[in-house]
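Enquirer: Below you will find the structure I want to go over with you.
Coordinate-derived values only; no laboratory data. Just so we're clear, the structure is a prediction, and the values are computed from it rather than from any experiment. Cβ coordinates were reconstructed from backbone atoms using ideal geometry, including for glycine residues, and neighbour counts include every protein chain displayed.
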């Protein structure tokens with residue numbers, strides 16, 4: 001059972017999301033919170049939860065400050081963000097502090113379920129239609145944010161898949177070798193490309209070799 005805490009200041013949306021999530025037999029919503037402070041107070045009780053699903057824009061709460069507080073007491077707690085905001089600036093600012101999922105609020109139910117299961121399994125999940133303008137990385141760097149060349153962190157599974165991609169394995173071959181589905185491989189592939197700031201397999205291989213991201 002994957003236990004979740006959901007955080008959003010819109011109660012109607014919060015209740016609806018909780019109801020949708022609990023249609024899945026392997027999900028349990030153990031707590032809903034409507035503010036950043038409410039979330040911090042709940043986490044102070046050391047609850048038994050597996051994932052925190054967190055709205056980016058909470059009233060009277062700076063997203064970076066809130067995530068910093070969460071990481072101070074729960075450094076390993078997986079966080080999935082929900083947002084209506086597009087673009088790379090906020091994504092990179094929060095990525096410095098560490099999160100495992102990033103979804104837009106117009107995501108389908110199936111994508112929400114997939115994100116939760118991927119993150120619960122130790123992976124990362126970014127929205128399928130995410131639009132990260134990596135062409136702005138230089139200006140982002142000047143403002144103190146992470147750029148695509150500054151210490152990309154890949155999960156163990158992502159590193160395994162990247163290594164196999166560089167060895168010219170197809171998605172089907174990778175899936176068979178790692179005993180996972182082809183769609184899971186493709187999701188990891190997309191997430192790796194987003195993290196590295198590349199748009200195709202050739203870019204993945206070049207980046208991996210240039211920055212020594214794969215095992216020989």
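Enquirer: Between the stretch 69-86 and the stretch 158-213, what is the separation of their alpha carbon centroids in Å?
Expert: What the calculation gives is 25 Å, centre to centre.
Enquirer: Among 20, 80, 2, which comes first, then next, by fewest other beta-carbon atoms within 10 Å?
Expert: 20, 2, 80
Enquirer: Okay, moving on. What is the packing order of peptides 23-30, 93-100, taking the mean over residues of other C-beta atoms within 10 Å and listing the highest first?
Expert: 93-100, 23-30
Enquirer: Each label point is 7 Å from the Cα along the Cα-to-Cβ direction; what then is the distance between the points at residue 210 and residue 12, in nm?
Expert: Going by the 7 Å Cα→Cβ label model, 4.8 nm.
Enquirer: Would you calculate the separation in nanometres between label points at residue 74 and residue 172, each defined as 7 Å from the Cα along the Cα-to-beta-carbon direction?
Expert: 4.2
Enquirer: Please arrange 168, 64 by counting, for each residue, the other beta carbons lying within 10 Å of its beta carbon, fewest first.
Expert: Placing the least packed residue first, the sequence is 168, 64.
Enquirer: A further question follows. In nm, to one decimal, how far is the residue 23 label point from the residue 1 one, both placed 7 Å along Cα→Cβ?
Expert: It works out to 2.1 nm between the two label points.
Enquirer: Let me ask something else about it. Is the stretch 2-126 rounded, prolate or oblate when judged by the Cα gyration tensor, a ≥ b ≥ c being the square roots of its eigenvalues, rounded requiring a/c under 1.5 and prolate requiring a/b larger than b/c? Before the final figure, lay out each step's value.
Expert: On the way: a/c = 1.26, a/b = 1.13, b/c = 1.11.
It comes out rounded by the Cα gyration axes.
Enquirer: Which order results if 156, 195 are arranged by neighbouring Cβ count within 10 Å, fewest first?
Expert: Final ranking by Cβ density, sparse to dense: 156, 195.
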